[in-house]
Amino acid sequence: MSTYALVTRASAETVADAVRAGKVGGYVVADPLGTIVLFDAPGRAYSSTDRLAKPARAVVARTMKTAVLLLCDEFVAEALVLSPAGELSLQWAAAWEPPAEPARYLADRQEWDAYCGEVAERYERAELGPALAMVRNDPVPGEERTPLPDLLRRVCAILGLPDNAVGRSLLDGEEPGLYEARRVDAEPPAGRWPRLFARA
């Protein structure tokens, strides 16, 4: 099952108000570790990360709280950290193979470690950089590769966010599959023209 969920430390009421003021509705779920939002699926059969992230960016802009958009299918997993200051993304591919040559592998690991430090800073928890850097799906001889959803669960655990959002998505169906999920429809403010016609 795919994952398309926003997780944030903002309160459920604040998040529900932000969703209601936006252009895309969905389900809002209060959790002891924060709030989960399952946005309605876009109208197109295929949507890029940028398109899927638009309603999440709007929620972050309205709540002014850093959040993480979780995306996953059978090929790729992504944790997109969204903050008022910008965004950074951690990505994993199901068929990832690290460089075989030792020097290149070391350089790749150093680059990954440094980047995870930047992601942690963007999340406003710089001390979590080393823990994030350990979330990898390198193949290990004799062991099964870490499933992509488990990588997202590890990220949620490190950042202190609800991991039950992983595997939840309205891209696959209309039911949220989460306890006490509350439907919130988008009700953007009426534009200038509707108000003028209302006066007529």
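The values are calculated or read from the model by the stated rules, or taken from the named source; none is laboratory data. Since we're looking at a predicted model, the values are computed, not measured. Note: ideal-geometry Cβ built from the backbone for every residue, glycine included; neighbour counts use all protein chains shown. SASA here: full protein model, heavy atoms, side chains in, ligands and nucleic acids out. Shrake-Rupley method; radii C 1.70, N 1.55, O 1.52, S 1.80 Å.
For a label point 7 Å from the Cα of V76 along Cα→C-beta, name the residues of region 16-49 whose backbone N is under 12 Å from it. What the label zone holds, given the 12 Å backbone N cut-off, is 47-49. Accessible area per residue (1.4 Å probe, heavy atoms of protein chains only) ranks Y123, Y105 as Y105, Y123, with the largest value leading. Annotation: L52 carries an accessible surface of approximately 20 Å², with a 1.4 Å probe and no ligand, DNA or RNA atoms counted. Projecting the Cα positions of M64, L148, Y115 onto the charge dipole of region 52-164 (unit charges on Cβ atoms of Lys, Arg, Asp and Glu, taken about the Cα centre) puts M64 furthest along the positive direction. Taking 7 Å steps out from each Cα toward its Cβ at T49 and E175 produces label points 3.1 nm apart. Averaged over its residues, region 71-200 has an accessible area of 62 Å² per residue, based on protein heavy atoms and a 1.4 Å probe. Using only alpha carbons, the chain has a radius of gyration to Kirkwood radius ratio (Rg to Rh) of 1.03. Mean residue ellipticity at 222 nm, helices only, the chain: -11000 deg cm²/dmol; runs of at least 4 DSSP H residues each add -39,500 (n - 2.57), and the sum is divided by the number of residues.
Chymotrypsin sites (Phe, Trp or Tyr not before Pro) within region 12-77: which are DSSP loop residues with at most 10 other Cβ atoms inside 10 Å? Those satisfying the criteria are Y46, F75. The equivalent ellipsoid that matches the C-alpha gyration tensor of region 108-177 spans semi-axes of 24, 19, 9 angstrom, in descending order. Derived scalar couplings between HN and Hα for region 19-28 equal 5, 4, 7, x, 10, 10, x, x, 10, 10 Hz in order, rounded to whole Hz, by the Karplus curve 6.51 cos²θ - 1.76 cosθ + 1.60 (θ = phi - 60°), x for Gly and Pro. Which is the longest run of the chain containing none of the GluC sites (Glu not before Pro) found in DSSP loop states (not H, G, I, E, B) with at most 14 other C-beta atoms within 10 Å? Result for the longest clean stretch: 1-73.
Relative to the Cα centre, the charge distribution of region 29-129, modelled as +1 at Lys and Arg Cβ and -1 at Asp and Glu Cβ, gives a dipole magnitude of about 520 debye.
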